[in-house]
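Undergrad: Have a look at this one.
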Amino acid sequence: MTEMTGVEVEIQGAIAAVRFDRGGKANALDYALIDRLEATAIELSRNPDVSVVVITGTPGIFAAGVDLKDERLWNPEGGDVARHLSMNAGARMSNAWRRLPQIVIAALEGPAIGGGAILALCADFRVISEEGYLRFPEVRLGMTLGWGGLPLLTERVGAGRAKRILCCDETIDADEALALGLADRKVPAGTAFDAAQSWAASIAESPAMSLRMTKSAIDAHARRNWAEGAEGDQFLLARLLAEGGRTG
């Protein structure tokens, strides 16, 4: 078992279980936790013995978005380039999880909001408990949906529904998430992680190389992130506008 502050990785056979727990504050993603989650994904990507990764938050909540009070994510005293680098920490994290060669299953208990919901979408599959839900409040907060979340959401629900979810700040409960393809399995409350582990064990019975090659081939076709080149800039500009147009 490997531990970082806030992130615990346990590997049993071909399955890696990743739990992240900030220890309060609704498990919101601050700069330190984002950095550790990115490092965890990079480390797992280099492990040839792992075929399936299960990621989960706490027993009661996946992640309640980004910690907007953590100034390390905004770097308010830095110049535009420094701020751009800080604000792209989440994009680097989500990209590392999205590009994992192993199959990834997210186990969602309780809410997955904003950046937490994007992290869940980076997984190949999602198991959601009946008390779980997803929400993307970025537009309501004066920001664009970054971290690669915009194309991930749009490819699953379609352009029109993605606009509704984002512009109307909709809360997507477990049943709706299942119907929209934002979740793959719904399970009783408190059982999402165990259900994901059981599913992972079944997937891991397939040859590791065929799993990796199939995922790689499908992702190369389906996940052409047409927004990736600009969304970091858009996120910075949205933040600057919210602050009154400051540049430097």
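Undergrad: Return the distance in nm (one decimal) between the two label points of a simple spin-label model at LYS163 and GLU130, each offset 7 Å from Cα along Cα→Cβ.
TA: Rounded to a tenth, the inter-label distance reads 3.6 nm.
Undergrad: What shape does the chain have by the C-alpha gyration tensor, where a ≥ b ≥ c are the square roots of the eigenvalues, rounded means a/c under 1.5, and otherwise prolate means a/b greater than b/c and oblate the rest?
TA: Details: a/c = 1.56, a/b = 1.42, b/c = 1.10.
Here the chain falls in the prolate category.
Undergrad: Between ARG46 and GLU176, what FRET efficiency comes out of the Förster formula 1/(1 + (r/R0)^6) with R0 = 41 Å and r the beta carbon distance, rounded to 0.05?
TA: Approximately 0.65, to the nearest 0.05.
Undergrad: I would also like to ask the following. Counting every Cα pair in segment 2-59, what percent are over 17 Å apart?
TA: Roughly 34 percent, rounded to a whole number.
Undergrad: What percent does the relative contact order of the chain come to when contacts are Cα pairs within less than 8 Å and at least six residues apart? Kindly include the intermediate steps, with their values, before the conclusion.
TA: Numbers: 463 pairs, mean separation 49.3, N = 248.
Result for the chain is 20 percent.
Undergrad: What FRET efficiency comes out for GLU10 versus ALA189 if R0 is 30 angstrom and r is the Cβ-Cβ distance? Round to the nearest 0.05.
TA: Step by step, r from the Cβ atoms, then E = 0.85.
Undergrad: Let me ask something additional. Could you check what % of the DSSP bridge pairs in the chain are antiparallel, to the nearest 5?
TA: Bridges in the chain that DSSP calls antiparallel: roughly 35 percent.
Undergrad: Measure out, as a whole number of angstrom, how far apart the alpha-carbon centroids of segment 87-138 and segment 173-198 sit.
TA: Each part's Cα centre sits 13 Å from the other's.
Undergrad: Here is a follow-up. Suppose R0 equals 41 Å; then what is the FRET efficiency for LEU68 and MET213 from their Cβ-Cβ distance, rounded to the nearest 0.05?
TA: E between LEU68 and MET213, to the nearest 0.05, is 0.55.
Undergrad: Hey, how much of the P(r) for segment 67-144 falls beyond 16 Å, as a percent of Cα pairs?
TA: Details: 1786 of 3003 pairs.
The proportion of pairs with Cα distances above 16 Å equals 59 percent.
All of the numbers you see were taken from the coordinates with simple rules; none came from a lab. Just so it is clear, the structure is predicted and the values come from calculations on it, not from any experiment. Every residue, glycine as well, gets a Cβ built from its backbone with ideal geometry; the counts of neighbours run over all protein chains shown.
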